[in-house]
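Inspection log for the structure reproduced underneath, given as structure tokens.
Read-outs throughout are calculated quantities, based only on the coordinates presented, and are distinct from any laboratory measurement. Because the structure is predicted, anything quoted here is derived from the model rather than measured. A quick note on method: Cβ atoms are made from the backbone with ideal geometry, for glycine too, and the neighbour counts reach across all protein chains shown.
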Amino acid sequence: MTSKEIRQSFKDFFASKEHQIVPSAPMVIKDDPTLMFTNAGMNQFKDIILGNAPVKHPRVADSQKCLRVSGKHNDLEEVGHDTYHHTMFEMLGNWSFGDYFKKEAIAWAWEYLVGVLKLDPDRLYATVFEGNPDENLERDNEAAGYWLQYLPQERIINGNKKDNFWEMGDTGPCGPCSEIHIDIRPAEERAKVDGLLLVNQGHPQVIEIWNLVFMQYNRKADGSLEPLPAKVIDTGMGFERLAMAVQGKTSNYDTDIFQPLITRIGEITGVKYGEDSRKDIAMRVIADHIRTIAFSITDGQLPSNAKAGYVIRRILRRAVRYGYTFLNMHAAFMYKLVTTLIEVMGDAYPELEAEKSLLEKVIKEEENAFLRTLETGIRLLDKEIVEHKRSGRGELEGEIAFQLYDTFGFPLDLTELILREHGMSVDHKGFDAEMQKQKERARNAAAVETGDWVKIRDGEPQFVGYDETECETQVIRYRKVKQKNREFYQVVLSKSPFYAEMGGQVGDSGWLIDENGEKTDIFDTKRENNLPVHLATRLPQQIEGSFLAKIDTAKRTATECNHTATHLMHEALREVLGTHVEQKGSYVSPELLRFDFSHFQKMTPEEIRAVEERVTEKIRNNFSIEEHRHVPIEEAKAAGAMALFGEKYGDHVRTVRFGSSIELCGGTHISATGRIGTFRIVSESAIAAGVRRIEAVTAKGCEDYLYSMEDLLRNVKAALPGNAPEIMVGLRKLLSENEEMRQKIEAFTKERTLQLKSTIIQEKEIVNGITLFKLEGLAVSAEITKDIAFQLRGEFPEKMAFAAVTVDNNKPGLTLMLSDDLVARGLNAGSIVREAARHIEGGGGGQPHFATAGGKNPAGLAKAMETILQKLNQAE
């Protein structure tokens with residue numbers, strides 16, 4: 001069977017068992033503060049499992065895109081080096097929400113694997129939870145009993161809590177699980193060693209393919225377990241591993257999922273797969289990583305320097321490094337794999353074809369950018385190698401290796417490889433220490449501690465904010481949260497007008513007002529696992545009473561003006577630039593709107609003005625809002641509603657129309673466009689290849705912006721020579737005079753530098769066999785001092801030292817330059833300057849041959865020079 005046939009057979013099988021087949025959720029998660037990426041098939045059903053969303057279908061099955069590159073589920077270092085780990089992979093899964101349980105899950109798993117896929121039953125093993133006396137958990141005899149109907153006793157293996165007890169996190173739904181393993185070794189190897197001995201032992205051909213999770217407990221904050229009111233079946237089967245087993249391969253990379261990509265990599269690089277193990281690893285890494293990169297971008301996550309975008313950028317750069325180091329690819333090439341990826345996976349995931357142009361442009365630009373950085377990093381490492389050899393040091397400091405890793409994307413093994421070629425090594429302990437510091441910083445920044453929910457009453461939260469700005473309400477539940485250095489409460493209300501942050505729109509703030517008029521501030525409203533939570537620094541005194549929930553209407557109105565203008569601008573951009581424009585992200589707050597969209601060149605001033613004019617015209621038309629709730633999504637799309645790639649939409653959606661602009665949107669909006677008043681674009685820039693960003697203001701924010709521009713023009717006009725009535729005439733004159741003055745200053749500086757250098761050379765001294773050039777006590781800029789230092793080093797390359805103690809803008813400074821032979825004798829400019837800087841109450845440093853320092857006490861300059869001279873006199 002082909003991989004496409006296997007995927008479809010899974011869906012068809014569970015459809016025959018009355019499961020609703022649902023599409024894969026985006027791989028990039030936008031509404032869960034605990035996760036950046038979907039790392040398991042259950043993520044899109046988390047709201048249902050936690051009880052925060054209703055059960056639409058009691059039985060569900062799908063193939064889910066997943067990504068595991070960080071945290072507990074981190075397969076990155078194994079990718080490409082073994083046969084079955086991946087960053088992006090597909091998880092085939094079936095779920096039951098309060099319907100069937102262990103008996104059916106086990107029976108159907110066996111029927112599908114053996115009956116449909118015709119896998120050899122003698123190669124299959126099952127593990128069951130062995131129990132845990134510390135938590136009063138017995139062995140899962142129920143699951144073991146069902147397995148006895150299909151497997152002999154000896155192939156039903158007990159597993160420990162680590163392997164066979166699944167938990168969503170420190171708290172929440174959990175339960176025992178039963179893994180299905182398969183032995184795909186050749187018959188002769190199986191005859192020598194029983195596969196029973198190799199289950200869960202890391203053997204590459206005796207592997208887990210399916211995990212059946214039986215959620216039957218809820219883990220509380222104190223660690224105790226309580227039974228779940230509705231039991232859940234959650235299964236996950238690695239699609240790539242399954243294809244390997246069905247197609248009779250011993251590596252996932254030998255299946256038809258990866259071979260077309262590996263073949264294409266070979267065509268591009270001229271490298272034949274299977275002839276060199278290091279090159280094979282590189283080809284496997286690239287074939288794996290291109291999938292992760294492409295699917296992340298189609299799901300709305302562009303490479304960047306923050307959060308999820310940083311993860312994707314690092315994965316892309318990791319692939320580039322492998323191509324550069326092992327396949328001799330010094331030019332962008334991975335973007336050429338997009339077409340092949342679409343051929344392999346485009347049928348199941350049509351978003352790849354829809355975003356093909358964007359994918360190629362983004363990947364190519366990221367490749368080129370990193371290749372430039374990679375070249376820079378290699379030059380810096382080469383420089384360090386020269387410096388270390390010159391001073392007789394054979395080990396590169398861990399701090400420098402980590403800087404190469406963190407700043408330039410050098411993995412430690414690449415640094416080691418280059419160092420070995422020069423007979424050098426790296427300080428592993430120092431590198432590990434720096435890595436641990438970074439992990440601690442990240443852990444501390446992200447640390448969140450939540451208590452158990454305290455239930456006040458039954459009920460489900462209801463949002464009434466589309467129609468009301470205040471309403472009577474009660475508290476359903478609350479919990480305390482500790483994050484970084486602050487504590488606050490999350491409060492769930494029975495009815496609420498507060499919009500919870502979603503879809504780029506910030507959350508509402510406001511108040512809970514009790515029956516006595518006492519106010520509790522709500523400083524933000526978030527959406528956590530589809531549950532709207534109101535954030536407060538303290539709880540109301542009468543938590544069980546009734547309240548008036550009231551939003552800050554001024555903040556809401558300003559936000560609504562910006563949100564509605566975003567819709568109008570989206571339409572205007574498509575009218576001015578073309579229908580290729582698609583929204584790639586947005587942020588809407590009371591202060592401004594930010595809109596990311598696909599477009600492949602900088603907008604001209606004329607285009608920006610045209611967009612502003614179209615939006616302003618739509619504002620003047622005063623279109624009233626036409627809102628439709630609970631519209632079937634296909635009907636909404638047929639009506640022309642714009643949808644955002646990567647957003648998670650349900651079966652029914654809300655549409656918002658202003659004139660001819662119609663979009664799928666869950667946010668709040670102004671009642672009519674005329675209330676926006678005014679609109680201006682304040683910036684337009686690139687954020688990635690093929691993606692632009694606009695920031696704009698409306699209403700009062702726009703008025704303030706226009707007033708500030710008027711004030712600026714008025715002040716510029718007043719400051720121009722002769723108070724020129726024509727601003728541009730005055731500016732051109734001022735710029736011309738400034739350029740003339742700059743050239744005069746540059747000539748004067750050059751002349752002064754030459755004069756100073758001439759005087760310094762004439763007054764040179766011989767100290768301990770060293771030709772010493774000194775510059776003392778003059779008000780000389782750091783730039784001139786540095787220029788003189790490097791000129792002298794070039795003219796006197798041996799036994800030369802230049803020492804300067806100067807004052808620049810009333811601040812004392814030290815400069816020390818040494819020739820290479822003095823560094824080889826053991827002198828180090830950095831350490832000498834650091835010691836001398838104590839006299840001027842300052843600090844500094846640099847390289848062994850050149851260092852500088854600044855300070856606060858000019859009176860210590862003489863002592864600083866004495867220290868430098870003492871060190872030169874002590875040189876051997």
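Couple of notes before you dig in:
- Note that segment 610-617 has calculated 3J(HN,Hα) couplings of 5, 5, 4, 5, 5, 4, 4, 5 Hz, one per residue in order, obtained from phi through the Karplus relation 6.51 cos²θ - 1.76 cosθ + 1.60 (θ = phi - 60°); glycine and proline are x.
- Pairs of Cα atoms nearer than 8 Å and 6+ residues apart set the relative contact order; for the chain it is 7 percent.
- Projected over every direction and averaged, the convex hull enclosing the alpha-carbon atoms of segment 763-873 yields 5.8 nm².
- Helix-only arithmetic for the chain: the sum of -39500 (n - 2.57) across DSSP H runs with n ≥ 4, divided by the residue total, places the mean residue ellipticity at 222 nm at -12500 deg cm²/dmol.
- Qualifying chymotrypsin sites (Phe, Trp or Tyr not before Pro) in segment 149-200, where qualification requires a DSSP coil assignment and no more than 14 other C-beta atoms within 10 Å, are lacking entirely.
- Peptide ranges 315-324, 20-29, 200-209 listed from the most packed, as the mean C-beta count within 10 angstrom indicates: 315-324, 20-29, 200-209
- Cα centroid of segment 602-644 to Cα centroid of segment 725-766, whole Å: 54 Å
- For Lys103, net neighbour charge (Lys/Arg +1, Asp/Glu -1) across residues whose Cβ lies under 14 Å away: -2
- Sequentially through segment 866-876, phi angles give Karplus couplings (6.51, -1.76, 1.60; θ = phi - 60°) of 4, 4, 4, 5, 4, 5, 5, 5, 8, 5, 7 Hz, Gly and Pro residues having no value and appearing as x.
- Matching label, Cα Rg over 2.2 N^0.38 Å computed from the structure shown, candidates (i) 1.00; (ii) 1.15; (iii) 1.43: (ii)
- A simple rule links phi to the HN-Hα coupling: the Karplus curve 6.51 cos²θ - 1.76 cosθ + 1.60 with θ = phi - 60°, which for segment 547-555 gives 9, 9, 8, 9, 8, 6, 5, 5, 5 Hz, with x for Gly and Pro.
- In segment 589-628, the chymotrypsin sites (Phe, Trp or Tyr not before Pro) that fall in loop regions by DSSP, at most 10 other Cβ within 10 Å: none
- Long-range amide H partners of Val653 with built H, under 5 Å: His630, Val631, Ile633
- Eligible lysines near Lys220 by straight Cα distance, threshold 26 Å, same-chain separation 8 or greater: Lys30, Lys46, Lys72, Lys102, Lys161, Lys162, Lys231, Lys455, Lys480, Lys482, Lys484, Lys526
- R0 of 35 Å, Cβ-Cβ distance Met741-Ser708: FRET efficiency to nearest 0.05: 0.75
- Packing order of peptides 538-549, 81-92, 661-672, 761-772, highest average first: 81-92, 661-672, 538-549, 761-772 (average count of other Cβ atoms within 10 Å over each peptide's residues).
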